[in-house]
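To keep things clear, I will list the structure first and then write my remarks on it.
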Amino acid sequence: MLSVPTSRLAAALTAVLAPLFVLGGCAGTPEPVIGPVAAQPVEAAGQGDFSAVQSPDYRLRPADVVTVTVFREPDLSVQQTPVGADGQIALPLVGAIQAEGRTTADLARAVESVLAGGYLTNPRVAVNIMQYNSHRVTVEGAVKKSGVFTFVPGARLSSAIAQAEGPDRIAKLDQVAVFRQAPGGLTVAKFDYRAVQQGTMIDPVLLPGDRVVVGTSGLSQLWQDVLKTIPAFAFFTQI
C-alpha cells in the first residue's frame, strides 16, 4: 500500500491550512464603531428605497389577522378574522368592509360609521392586530437554515439573518443582496453585513415579500473542502 512520509505530509498540510487559519482568525465579529449608527442608505449600492426607520402608521395587508371589538355588543364583535386576498373582512351587520391599506384606527372609525348609520347609537369599536401573517421574508444562500420566515413590522435585515441561524462558514458577508418588489419592478440592493454589524451601514427595515440572499465566498468554500479531506490525510499518516 502507498505510504506517504509523515513529515512531508505534515509540511504539505501546514502549507495549505496555515493561510486559511490566518484568514479564519480575521473573520470574527467586527469591532463596533462607537457613536451614532449609520442611518443613510448608500445610493451606489441600490439602497435608495431602503430605510432604517420604521413607518409609524402600520397599514393592514392581506393575511393579517385582526380582532374587531364592538363595545357592549359581543354578537357584533369578531375574533381572529383574517384580511382576505381582496383586502376585506366580513362583519355582522356591516358585511364586507375594506381593511387593506387602513390603520387599525381607520378601520375602527369605518366600522363605527356603518354601525351608526342605522344600527347603533354612538358605537365604539376597537381593532387589534393579532398576527402579522403578511410579513414573510425569504432568506437563502450561505446561511445555516434557509427558509421563509414570519417577522413583525420593524424587523431588520439582521433579524432575518438571525432567524436563518446566522451566516454559514462559506458566507461572503460583503455581498448580501436584498430583493424587493418596487412599483417599477423588482429591485436589488447590496449590503455589507460586517458594516451593518459595526454600525457603519444601515440595518434596513424589512418589508413583506423581501428576499435576502447571502453570498458565498469561494475561499471559504475551499476551506470547507480542505476540512473534508482531513480524515483522508489522517488515514495516510497511519499507514
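Bear in mind that the values in this text are calculations on the coordinates, not laboratory data. Just so we're clear, the structure is a prediction, and the values are computed from it rather than from any experiment. Note that each Cβ is placed from the backbone with ideal geometry, even for glycine, and that neighbours are counted across all protein chains shown.
With a Förster radius of 41 Å applied to the C-beta separation of Ser113 and Val53, the computed FRET efficiency comes to 0.80. Taking Lys and Arg as +1 and Asp and Glu as -1, the other residues whose beta-carbon sits under 15 Å from that of Gln197 total -1.
Arrange Ile97, Ile34 by Cβ neighbour counts within 10 Å, fewest through most, would you? Could you put the intermediate results ahead of the total?
On the way: Ile97 17, Ile34 6.
Ranked by crowding around the Cβ, least crowded first: Ile34, Ile97.
Annotation: the residues Ile202, Ile129, sorted from fewest to most other C-beta atoms within 10 Å of their own C-beta, follow the order Ile129, Ile202.
What is the sum of charges around Thr103, taking Lys and Arg as +1, Asp and Glu as -1, for the other residues whose C-beta is under 13 Å from the C-beta of Thr103? Before the final figure, lay out the partial values.
Numbers: positive: Arg59, Arg61, Arg102, Arg109; negative: Asp57, Asp64, Glu100, Asp106.
Overall, the nearby charge balance is 0.
Would you list Val83, Val205 from fewest to most Cβ contacts within 10 Å?
On the way: Val83 23, Val205 18.
Ascending number of Cβ neighbours within 10 Å: Val205, Val83.
With Cα atoms defining each centre, region 171-221 and region 25-67 are spaced 10 Å apart in the structure.
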